[in-house]
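Visitor: After the structure tokens below, expect a handful of questions from me.
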Amino acid sequence: MGNIKKIETLNQKRKETMLGGGEKAIQKQKESGKLTARERIDLLLDKGSFNEYDLFAQHEGRDFGMSDKVLNGDGVIIGTGTVNGSPVCVFAQDFTVSGGSLGLMHAKKITKIMDVALNMRIPLIGINDSGGARIQEGVSALAGYGEIFYRNTQASGVIPQISVILGPCAGGAVYSPALTDYVFVVDKVSKMFITGPEVIKTVLGEEISMEDLGGARVHSEITGNAHFFAENEDDCFKQIRKLLSFIPHNNKKAAEEKETKMPALKLDINKIVPEDPTKPYDVRDVIKSVIDDSDFVEVQEKFAQNIVVGYGRINGKTVGFIANQPLYLAGVLDVDSSDKAARFIRYCDAFNIPVVTFVDLPGYLPGVDQEHAGVIRHGAKILYAYSEATVPKITVILRKAYGGGYIAMSSRHLNADFVYAWPTAEIAVMGPQGAANIIFRKEIMEAENPEEMRKQKVEEYKERFANPYVAAARGYVDSVIEPSETRNMLIHSLKICENKAEVKTEKKHGIPPF
Amino acid sequence: MDENKKIIIKIDDSEYTTFSTPSYEKKEKWKKPDSRNILAIIPGTVVDIFVKEGDKVKAGDNMLVIEAMKMNNQILFEKDGIVDKIFVSKGDVISKGQILSVLK
């Protein structure tokens, strides 16, 4: 056989193998409203940048008649490529090959590309579309999952790990995405659960559809397992490419710096926040008024909306924003918002992204359901995350900062580097109504006209304590600033913090209230 | 956003007008337990009932058996009383927290 012939054979083999499960299976994949694994990789990566490995991998299953079966690529595609010109590693499960089921070789391919990602310190993107463990391979399939989980954990905080759920991801398989940093889901395509509707029906007699049990909306709005929601796959990959342009690609490297742009949102920042502390507004307008081009990448936009977290750039550099959102649940801290914020803060700290916090909250959410859901343990996470973080921490108190909420939201006392307050700030142990009712209980009760007295005492309390100056007098607030000065103050403070070197107490690791 | 969907949250005597979130709405609101009600501690299928309405029972008596996850779970009376009503029968598939019977 001459060289030319051998090259022809290679190309023929490539062509056949790259068809995955074959034309029929591809047709079926399309009919179920999904793209193929190869189309997905093309959408993710820069055009023509993909290099595939282990195309000719074959499974070694011997039982249940598997030895005669050829599974192209063993149901997963792995390789390297670039996104916005930067190198990344990717794997994509191919549902057309044996339902994307995970056997030993399938898992070995995934762990191979994970090792490359960690060794080369480049991001890993995993596209999940699999029926689960390949039952015929038994315990080997379980071993495969375990080895993936181990590597997810080793890579955590070193390289960004992104999971894209584009099909079923059920049983043990869900735990790899759960261990990664960002989970992307697509409406009507993504399905994630530990036990599916069938089992739930048999055992518990409860009937529920896959969509209602673990669809994209459920995980974006209720469980918080997903971080980004997209209407379709095309939009999903655009979002991933955008996120990758904002975050550092490993824990020793800064995010790509962009040209500085002025905020695009033309609102009068001095007028965004209503004076009455019980009136809502959208805190994202404040964020967009201070960041470059008003370009904000919100993480977990649909989950626990009472806190807003995400990335923006200030003077071309990426900053992580955490802001109470008075528009939802008055911006309170509760079980979900504490979890959401704490995780985001830890991510920023791991990847050296400075944290800017905008404060406007009445405190923790009262209620039996919150107490029983463990608001003590969950609420503690945000305190832990802020206290532990050594990245630059800059806090701006916009309006209310009451009680435990004030302490938790990156206060001076948790070692914030710079704390600013707007003139509308009210830093106090609680709101004027509640405080006056307690402090002046006797005067109010004994007054001839208790309502009149109550009003008078609330006004008195407001006058004396509902302002930023009591805290400023003690140095808890470094400076009271006009809202319109905020962007410049942030630019300046971030510059001052650029070489921050906080010495940590030596330890193996802490015990956060997981 | 639909302005009509705004709710009011009361914290420290102040009332905040605000929107709700899906996960907040989904949380089960706490109800004061009534010790006369016998509730299912797990979901499953009723395979046996040992009492009928009007029976006098003592704390610790077996009320019924629920099969769940291939295990038979006995539901016992927690206090003395007279069975006022039984809401389930043999073979019923029940959900967690469902009321099974009430004592007088």
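The values are calculated or read from the model by the stated rules, or taken from the named source; none is laboratory data. Bear in mind the structure is a predicted one, so any value in this text is a computation, not a measurement. Please note: Cβ atoms are built from the backbone with ideal geometry, for glycine as well, and neighbour counts cover all protein chains shown. We work out accessible area using only protein heavy atoms, side chains counted, and drop any ligands, DNA or RNA first. Shrake-Rupley method; radii C 1.70, N 1.55, O 1.52, S 1.80 Å.
Visitor: Suppose every Lys and Arg Cβ carries +1 and every Asp and Glu Cβ carries -1, with no other charges. What dipole size does region A:38-184 come out with about its Cα centre, to the nearest 20 debye?
Guide: Rounded to the nearest 20 debye, it is 180 debye.
Visitor: Taking beta carbons within 10 Å but only from partner chains, what does the mean come to for residues A:329-339?
Guide: Per residue, the number of nearby Cβ atoms from other chains is 4 on average.
Visitor: When Cβ neighbours within 10 Å are restricted to other protein chains, what is their mean count per residue of peptide B:22-35?
Guide: Details: counts 10, 15, 15, 2, 4, 9, 4, 3, 7, 1, 1, 0, 0, 0.
That average works out to 5.
Visitor: Mind checking the log10 I(q)/I(0) for region A:36-139 at q = 0.21 Å⁻¹? Debye, one equal scatterer per Cα, no solvent, two decimals.
Guide: Values, matching the q order: -1.03.
Visitor: Arrange the peptides A:314-325, A:443-454, B:62-73, A:380-391 so that the one whose residues have, on average, the most other Cβ atoms within 10 Å appears first.
Guide: Going from most to least packed, we get A:314-325, A:380-391, B:62-73, A:443-454.
Visitor: Work out, step by step, the length gained on full extension between residue A:60 and residue A:285: first 0.36 nm times the residue separation, then minus their alpha carbon distance; give nm to one decimal.
Guide: Length gained between residue A:60 and residue A:285: 75.3 nm.
Visitor: Based on the alpha-carbon gyration tensor of region A:3-246, what equivalent-ellipsoid semi-axes (square roots of 5 times the eigenvalues) come out, in whole Å, largest first?
Guide: Each semi-axis is the square root of five times an eigenvalue, giving 26, 23, 18 Å.
Visitor: If I model a spin label as a point 7 Å beyond the Cα along the Cα-Cβ vector, how far apart are those points for residue A:27 and residue A:149 in nm?
Guide: If labels sit at residue A:27 and residue A:149, their model points lie 4.0 nm apart.
Visitor: Counting pairs of alpha carbon atoms under 8 Å apart in space and at least six apart in sequence, what relative contact order in percent does chain A give?
Guide: 8
Visitor: A further question follows. At a threshold of 8 angstrom on Cα-Cα distance, excluding pairs fewer than six apart, so keeping six or more, what relative contact order does region A:48-88 reach in percent?
Guide: Relative contact order, region A:48-88: 48 percent.
Visitor: Tell me: how much accessible area in total is hidden between A and B, 1.4 Å probe, Å², nearest 100?
Guide: In total, this chain pair buries about 2600 Å².
Visitor: Nearest 20 debye, what's the magnitude of the dipole of chain A about its Cα centre given +1 on Lys and Arg Cβ and -1 on Asp and Glu Cβ?
Guide: 1460
Visitor: Right, next: Going down the table (A:108/A:238; A:238/A:495; A:400/A:462), which pairs top 21 Å between alpha carbons?
Guide: A:108/A:238; A:238/A:495
Visitor: Another one. Multiplying the sequence separation of residue A:259 and residue A:203 by 0.36 nm and subtracting their Cα-Cα distance, what value in nm do you get?
Guide: Result: 14.4 nm gained on full extension.
Visitor: If you don't mind, another one. What does the average come to when, for each residue of peptide A:496-507, you count the partner chain Cβ atoms lying within 10 Å of its Cβ?
Guide: On the way: counts 0, 0, 0, 0, 0, 0, 0, 0, 0, 0, 0, 0.
Mean shielding count: 0.
Visitor: Using only DSSP helix segments of four residues or longer, with each worth -39500 (n - 2.57), what per-residue ellipticity at 222 nm results for chain B after dividing by its residue count and rounding to 500?
Guide: -1000 deg cm²/dmol
Visitor: Something else about it: Taking Rh as the Kirkwood radius computed over C-alpha pairs, what is the Stokes-Einstein D of region A:383-453 at 25 °C in a medium of viscosity 0.890 mPa s, expressed in µm² per second?
Guide: Translational diffusion coefficient: 174 µm²/s.
Visitor: Related question: Which pairs, out of A:455/B:10; A:252/A:317; A:271/B:6, put more than 20 Å between their alpha-carbon atoms?
Guide: Exceeds cut-off: A:271/B:6.
Visitor: If I stretch the segment between residue B:45 and residue B:28 completely, what's the gain in nm (0.36 nm per residue apart, minus their alpha carbon distance), one decimal? Can you show the working numbers first?
Guide: Details: separation 17, 0.36 × 17 = 6.12 nm, distance 2.37 nm.
My answer for the length gained is 3.8 nm.
Visitor: Against the empirical 2.2 N^0.38 Å scaling, what ratio does the C-alpha Rg of chain A come to?
Guide: On the way: Rg = 26.5 Å, N = 514, 2.2 N^0.38 = 23.6 Å.
In units of the globular-protein estimate, chain A measures up at 1.12.
Visitor: Just to check I understand the Karplus step: with θ = phi - 60° and J = 6.51 cos²θ - 1.76 cosθ + 1.60, what whole-Hz values come out for region A:175-185, glycine and proline as x?
Guide: Values per residue, Gly and Pro as x: 6, 5, x, 4, 8, 8, 7, 9, 10, 9, 10 Hz.
Visitor: On to the next question. Using Cα pairs closer than 8 Å and at least 6 residues apart in sequence, work out the relative contact order for region A:3-246, in percent.
Guide: Numbers: 475 pairs, mean separation 36.2, N = 244.
Once divided by the residue count of region A:3-246, the mean separation gives 15 percent.
Visitor: Taking every pair of Cα atoms in region A:166-311, average 1/r, invert it to obtain the Kirkwood radius, and report Rg/Rh to two decimals.
Guide: Details: Rg = 19.0 Å, Rh = 17.8 Å.
We get a ratio of 1.07 for region A:166-311.
Visitor: Just to confirm the number: angle between the C-alpha axis of helix A:486-496 and the first principal axis of chain A, 0 to 90 degrees, nearest 10?
Guide: 70
Visitor: Using the beta-carbon distance between residue A:491 and residue A:4 and R0 = 56 Å, what value does 1/(1 + (r/R0)^6) give for FRET efficiency, to the nearest 0.05? Before the final figure, lay out each step's value.
Guide: Working: r = 62 Å, r/R0 = 1.12.
That pair, residue A:491 with residue A:4, gives E of 0.35.
Visitor: Just the number please: accessible area per residue for the protein assembly as shown, 1.4 Å probe, all protein chains included, in Å².
Guide: 49
Visitor: Just name one of A:421, A:437, A:394: the one whose Cα is farthest towards the positive end of the charge dipole of region A:370-514 (beta-carbon charges, Lys/Arg +1, Asp/Glu -1).
Guide: Value computed over the given set: A:394.
Visitor: As a test of the formula, what do you get for chain A when each DSSP H run with n ≥ 4 contributes -39,500 (n - 2.57) and the sum is divided by the residue count, at 222 nm and rounded to the nearest 500 deg cm²/dmol?
Guide: After summing the helix terms and dividing by the residues of chain A, the value is -11000 deg cm²/dmol.
Visitor: What FRET efficiency, computed as 1/(1 + (r/R0)^6) with R0 = 25 Å and r the Cβ-Cβ distance, is obtained for residue B:17 and residue A:451, rounded to the nearest 0.05?
Guide: Efficiency, rounded to the nearest 0.05: 0.70.
Visitor: While we're looking at this one, here's another question. Any chance you could check the Cα centroid distance between region A:128-195 and region A:321-353 for me, in angstrom?
Guide: 25
Visitor: With springs only between Cα atoms under 10 Å, which of B:20, B:89, B:35 fluctuates most in a Gaussian network model of chain B?
Guide: B:20
Visitor: Taking amide H atoms as placed 1.01 Å from N in the peptide plane, list the residues 5 or more away in sequence, or in a different chain, whose amide H sits under 5 Å from that of residue A:328.
Guide: Close amide H contacts, sequence-distant or interchain: B:19.
Visitor: Based on DSSP, what percent of beta bridges with both residues in the protein assembly as shown are antiparallel, to the nearest 5?
Guide: For the protein assembly as shown, the DSSP antiparallel bridge percentage is about 55.
Visitor: What order, most packed first, do the peptides A:368-379, A:496-507, A:329-340 have when packing is the mean number of other Cβ atoms within 10 Å of each residue? Walk me through the numbers before you get to the answer.
Guide: Details: A:368-379: 16.1, A:496-507: 8.7, A:329-340: 27.3.
Averaged packing, sorted descending, gives the order A:329-340, A:368-379, A:496-507.
Visitor: Taking θ as phi - 60°, what are the ³J(HN,Hα) couplings along region A:122-136 by the Karplus curve (6.51, -1.76, 1.60), each to the nearest whole Hz, with x for Gly and Pro?
Guide: 10, x, 10, 10, x, 9, 9, 7, 8, x, x, 5, 7, 4, 4
Visitor: What spacing in nm lies between the two simple spin-label points modelled at residue A:188 and residue A:47, each 7 Å away from Cα in the Cβ direction?
Guide: The two pseudo-label positions are separated by 3.0 nm.
Visitor: Sticking with this one: Which percent of the accessible area of chain A is formed by carbon and sulfur heavy atoms (probe 1.4 angstrom)?
Guide: 53
Visitor: On a 0 to 90 degree scale, rounded to 10, what angle separates helix A:335-350 from the longest Cα axis of chain A?
Guide: In chain A, helix A:335-350 runs at an angle near 70 degrees to the longest axis.
Visitor: With a point put 7 Å past each Cα toward its Cβ, work out how far residue A:413 is from residue B:98 in nm, to one decimal.
Guide: Going from the residue A:413 label point to the residue B:98 one covers 5.0 nm.
Visitor: Which of the aspartates and glutamates could a cross-linker bridge to residue A:258, judged by Cα under 16 Å and excluding same-chain residues fewer than eight apart?
Guide: A:292, A:293, A:295
Visitor: Exactly which GluC sites (Glu not before Pro) in region A:148-220 are in a DSSP loop and have at most 14 other Cβ atoms within 10 Å?
Guide: A:206, A:207
Visitor: Across bins of 10 angstrom width beginning at 0, how are the C-alpha pair distances of region B:37-103 distributed, in whole percent?
Guide: 23, 59, 17, 0
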